[in-house]
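The values are calculated or read from the model by the stated rules, or taken from the named source; none is laboratory data. Quick caveat: nothing in here was measured; it's all calculated off a predicted structure. Because the Cβ atoms are built from the backbone with ideal geometry, glycine has one as well, and the counts that use them run over all protein chains shown.
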Number of protein chains: 2
Amino acid sequence: MKIGTKDFDEFVKEVQAFHGNIAPGVVAGGIMVDLAIKHLPPGILFDAVCETGHCLPDAVQLLTPCTMGNGWLKVVETGRFAVALYDKYTGEGMRVFLDAAKLRDFPEIRAWFLREKRKEDQDMGMLLDEFRRAGGGIFTISPVRMSPAFLEGKKRKKSPIRICAACGEAYSASLGNPCPACRGEGPYVVEH
Amino acid sequence: MKIGTKDFDEFVKEVQAFHGNIAPGVVAGGIMVDLAIKHLPPGILFDAVCETGHCLPDAVQLLTPCTMGNGWLKVVETGRFAVALYDKYTGEGMRVFLDAAKLRDFPEIRAWFLREKRKEDQDMGMLLDEFRRAGGGIFTISPVRMSPAFLEGKKRKKSPIRICAACGEAYSASLGNPCPACRGEGPYVVEH
């Protein structure tokens with residue numbers, strides 16, 4: 001099986017290097033992204049959305065030009081294990097999800113996916129064998145259209161920069177005044 | 001100048017390959033992440049937080065084991081151009097921000113950072129020269145402690161999986177019932 005231009009085992013090595021371990025979710029994600037790309041019209045510029053922040057963003061970042069930092073990849077948390085790639089101009093695209101109804105012959109994938117087994121009880125060799133055997137067969141793919149609200153949210157222009165009167169740091173003026181961190185929304189313990 | 005184990009120019013090439021273009025924000029981010037790592041106690045396991053989703057997450061993903069998909073990297077949007085790396089057990093770490101007060105001798109960086117120039121008017125060669133010359137000198141670094149609320153939020157266990165009665169897909173049961181997508185929170189136009 002190929003994932004993008006790579007052999008399955010080569011992709012698994014890249015998952016290990018980027019993600020830090022061979023997470024089944026990134027391996028599954030690789031097959032999903034590959035499937036979606038194959039179903040898009042060739043040559044279009046596409047963006048990506050993951051419906052969970054777990055694992056899937058890394059598959060997208062390994063296999064497409066879309067990253068978190070360049071804004072072509074977004075996470076919209078629906079809790080479903082799904083990824084969509086869509087034409088960035090029309091919003092038309094393909095969505096792929098791991099389909100629990102198709103896992104009867106893949107008990108190790110099923111146990112991982114439905115969280116029926118603890119991580120330490122998973123058999124990675126068996127999992128990878130099942131992914132290799134399953135290929136695209138455990139996923140469901142269908143066309144989607146991105147909502148105008150979602151596309152509008154992505155188009156927002158970069159706001160002017162303001163120096164926060166409270167902390168003295170530059171920040172996006174559109175986020176209010178003072179900056180969100182000085183309104184208590186930062187991730188740190190603030191010491192006075 | 002070195003960024004991690006790489007020469008500056010080699011890092012810039014990696015930015016181009018991963019991010020899709022030589023974004024000044026990812027180049028600056030590389031220097032910031034490198035600075036933060038050098039100020040952490042050696043050998044600790046660290047996590048990362050970016051205070052903006054623009055560019056900085058890609059610098060973290062290029063230079064550390066922290067990715068969006070493995071959960072070791074989070075974005076908390078304060079709109080400030082800052083990144084913090086912190087000990088994942090104690091929450092103690094180092095925060096680095098690009099300091100507008102230190103940009104007097106770096107007019108091209110200043111114009112980019114404060115959005116005083118349109119993208120098409122930026123001189124990439126001059127920008128990179130200034131980053132090379134500035135090194136760590138345009139940043140301010142200080143120790144931080146992550147808030148208990150932030151650390152608690154990260155520790156949340158993975159929830160059980162439920163099949164949504166509305167769409168039939170598996171999703172994280174903790175997100176409510178039916179799944180968020182079936183409550184209208186998904187990114188697609190839903191067709192009936």
Practice item. Six or more apart or on different chains, Cβ under 9 Å: which pairs go from a residue in the range A:40-55 that's within 11 Å of another protein chain (Cβ to nearest Cβ) to one that's among the charged types (D, E, K, R) and buried (at least 22 other Cβ atoms within 10 Å of the Cβ)? Could you list them? Key: A:Val49/A:Arg95; A:Glu51/A:Arg80; A:Glu51/A:Arg95; A:Thr52/A:Arg80
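Here's a check for you: in the range B:171-185, which residue that is small (Gly, Ala, Ser) and closer than 21 Å to A:Arg145 by Cα is nearest to the other protein chains (Cβ to nearest Cβ)? Give the derivation first.
Taking the range B:171-185 and keeping what is small (Gly, Ala, Ser), we get B:172-174, B:176, B:181, B:184.
Next cut, closer than 21 Å to A:Arg145 by Cα only: B:181, B:184.
On the way: B:Ala181: 4, B:Gly184: 10 Å.
Result: B:Ala181.
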Review point. Looking at (1) closer than 20 Å to B:Phe150 by Cβ; (2) touching a helix residue (DSSP H, G or I) at 6+ places or on another chain (Cβ under 7 Å), can you tell me which one B:Pro65 breaks?
Key: (2)
Check your understanding: Quick one: how many residues across the range B:154-168 are without any contact (Cβ under 8 Å) to a residue 12 or more places away in the chain and either facing chain A (nearest Cβ under 8 Å) or over 29 Å from the mean Cα position of the chain (by Cα) (or both)?
Key -> 2
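Filter the range B:70-92 for residues that are touching a residue at least 60 places away in the same chain (Cβ under 8 Å) and either surrounded by fewer than 22 Cβ atoms within 10 Å (Cβ to Cβ) or facing chain A (nearest Cβ under 7 Å) (or both) and give the result. Lay out the reasoning, then the answer.
Just the residues of the range B:70-92 that are touching a residue at least 60 places away in the same chain (Cβ under 8 Å), to begin with: B:71, B:74, B:76, B:84, B:86, B:91.
Within the range B:70-92, B:Gly71, B:Lys74, B:Val76, B:Gly91 meet the criteria.
Out of curiosity, is A:His39 under 25 Å from B:Cys167 (Cβ atoms) and buried (at least 20 other Cβ atoms within 10 Å of the Cβ)? Before the answer, list the steps.
Working: under 25 Å from B:Cys167 (Cβ atoms): yes; buried (at least 20 other Cβ atoms within 10 Å of the Cβ): no.
Taking the combined requirement at face value, the residue does not satisfy it.
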Exercise for review: For residues that are surrounded by 14 or more Cβ atoms within 10 Å (Cβ to Cβ), part of a helix (DSSP H, G or I) and at pLDDT below 95, tally how many sit in the range B:108-123.
Suggested key: 0
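If I ask for residues that are crowded, with 17+ Cβ neighbours inside 10 Å and either within 14 Å of another protein chain (Cβ to nearest Cβ) or over 16 Å from the mean Cα position of the chain (by Cα) (or both), which ones from the range A:21-35 would you list? Explain how you work it out, then say what you get.
Restricting attention to the range A:21-35, the residues satisfying the condition of being crowded, with 17+ Cβ neighbours inside 10 Å are A:23-35.
A:Ala23, A:Pro24, A:Gly25, A:Val26, A:Val27, A:Ala28, A:Gly29, A:Gly30, A:Met32, A:Val33 - these are the residues of the range A:21-35 that are crowded, with 17+ Cβ neighbours inside 10 Å and either within 14 Å of another protein chain (Cβ to nearest Cβ) or over 16 Å from the mean Cα position of the chain (by Cα) (or both).
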Revision key, fill the gap. A:Thr67 passes all but one of the listed conditions (1) buried (at least 23 other Cβ atoms within 10 Å of the Cβ); (2) within 19 Å of A:Phe113 (Cα to Cα); (3) not acidic (Asp, Glu); the exception is number (2)
